[in-house]
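The values are calculated or read from the model by the stated rules, or taken from the named source; none is laboratory data. What you see is a predicted model; the values in this text were computed from it and never measured. With ideal geometry, Cβ positions are generated from the backbone for all residues, glycine too; neighbour counts draw on all protein chains shown.
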Amino acid sequence: MSNSNVLQIRKIIFDNFNEIDLRFSNDEIYEFLKKTDTFDKSQTIDDLESDFKKIENDGLVRCIAQNFTTQWFKIFDDIEKIPCTSCNTDAYLGKEESRICPNSDCNATL
C-alpha cells in the first residue's frame, strides 16, 4: 500500500484517541508506529509530516497547537471502522469524511 503510514496512523487514532475531547500529538503517534512490525524504523518524525498533513486535509483531525516539530491534534468527530470489501482492509473514517477507502491503491466507495 502506497500510503501505509496514513492507514496506520488512522488505526492508531481509532484505537487510542477516539474521543473528541482527547488531544494527542504527532510524537505520541510516532511512538505507536515504531512499535508496529510494518513501520519502516528508519523514518523520523519529520518524515511523517506529509502523512499528518494528509489526515488533517482529509478532515479526520484538526491541529490545535504546534511547538517546533510537535503538533497537537483533536479529532473532529468519532471515528468509525468500516470494512472495505474491495481491498479487504478496514478503513478508519471520521463520521463526516467521504465514504471512500483511504487506501490510495483502492479508493473504493464504502
Is it the case that the range 88-102 has a residue that's modelled with pLDDT of 95 or more, part of a loop (DSSP other than H, G, I, E, B), among the basic types (Lys, Arg) and farther than 18 Å from residue 3 by Cα?
no
Pairing a residue in the range 83-104 that is at negative phi with any residue that is among the small types (Gly, Ala, Ser) and part of a strand (DSSP E or B), where Cβ atoms lie under 8 Å and the two sit 6 or more apart in sequence or on different chains, gives 83/91; 84/91; 101/91; 102/91; 103/91
Considering residues of the range 4-21 that are among the polar types (S, T, N, Q) and assigned to a helix (DSSP H, G or I) only, the residue modelled with the lowest pLDDT
4
Residues that are part of a helix (DSSP H, G or I) and among the basic types (Lys, Arg), drawn from the range 22-74:
34, 53, 54
Every residue from the range 66-87 that is under 15 Å from residue 4 (Cβ atoms) and surrounded by fewer than 17 Cβ atoms within 10 Å (Cβ to Cβ)
87
Kindly indicate the residue of the range 5-62 that is closer than 21 Å to residue 82 by Cα and among the charged types (D, E, K, R) and also surrounded by the most Cβ atoms within 10 Å (Cβ to Cβ) among those meeting that condition.
10
